[in-house]
Structure formats: C-alpha cells, structure tokens
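Here's the structure we're looking at; comments come further down.
The numbers here are math on the coordinates, done by the rules we state, and not lab data. These numbers come from a predicted model, not from an experiment. As a convention, Cβ positions derive from the backbone with ideal geometry for all residues, glycine included, and neighbour counts pool all protein chains shown.
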Amino acid sequence: MVHRGVSLPPLIFLMIRLLTQILVVIMLRTQHVPFFQSSPSRTLGSALGLMSVIGLALPYIRPIASALQMQRSSLDFYGFLVIILLGYILLVQVIKVVYKRLYNEWL
C-alpha cells in the first residue's frame, strides 16, 4: 500500500514545533511558574489556545488535509506529544530558575 502526501514525520514535527513555540510564549512571559503562580490574559490565553486547537485539528479537517495531503497520526503519537511537552515545560522552568539566580532578575 502506497501513501501519497505529507508523511508523518513532517506532520509530527509541525505539531511539536507549533506547540513548543506556544509554550515558549507562555513560559517566558513571566518570572513566576506559569499556570500556577501566573496565568496569561484572557486574550493571550484564548489566542494561544485557538492556535493550538487549529494546529492539532488540521489533519482531521478533510478539505484542508486533502489540499495539503496530510495524513492523520496515530493515537500513540499524542501520548508521546504530551511527554515531550511536559519535559519541555520542566526544562524551560529549570533554565528560568538558573537564569534568575545568575542575574538576580528576569528579562
């Protein structure tokens, strides 16, 4: 069976990159722990949430998926994605703490 279109690795890379870039905005905008000590404004949170939903939904929207020749990823991928994003959040938070200790201030 031959599949034509965007293979899964580029699609997976697109989703991971999109969500990690959104996390950069959330994580680096404050010196506090995001989601617990500080949350984004409604406007920013809504915009970032909408971008995340659209990015994750692209392969499931038939006209767009067929036009871009996207394939759907397996459910296993989404579990892997959650692990990657949690690791990313932890890493960024550790780097923020180290930066604040070195320079005694946040950006």
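See the values below:
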{"read-out": "Most fluctuating residue given options M51, M27, M15, as computed from a GNM of the chain linking Cα atoms under 10 Å", "value": "M51"}
{"read-out": "Descending Cα extents along the principal axes, region 8-103, whole Å", "value": "49, 27, 19"}
{"read-out": "Pairwise FRET efficiency - V97 versus A57, Cβ, R0 = 41 Å, nearest 0.05", "value": "0.75"}
{"read-out": "Candidates S74, S38, S52: whichever shows maximal mean-square fluctuation once the chain is modelled as a Gaussian network with Cα springs under 10 Å", "value": "S74"}
{"read-out": "Dipole-positive endmost among A67, T30, P10 within region 8-103 (Cβ charges, Cα centre)", "value": "T30"}
{"read-out": "Net charge dipole size for the chain [Lys, Arg +1 and Asp, Glu -1 on Cβ; Debye, nearest 20]", "value": "100 debye"}
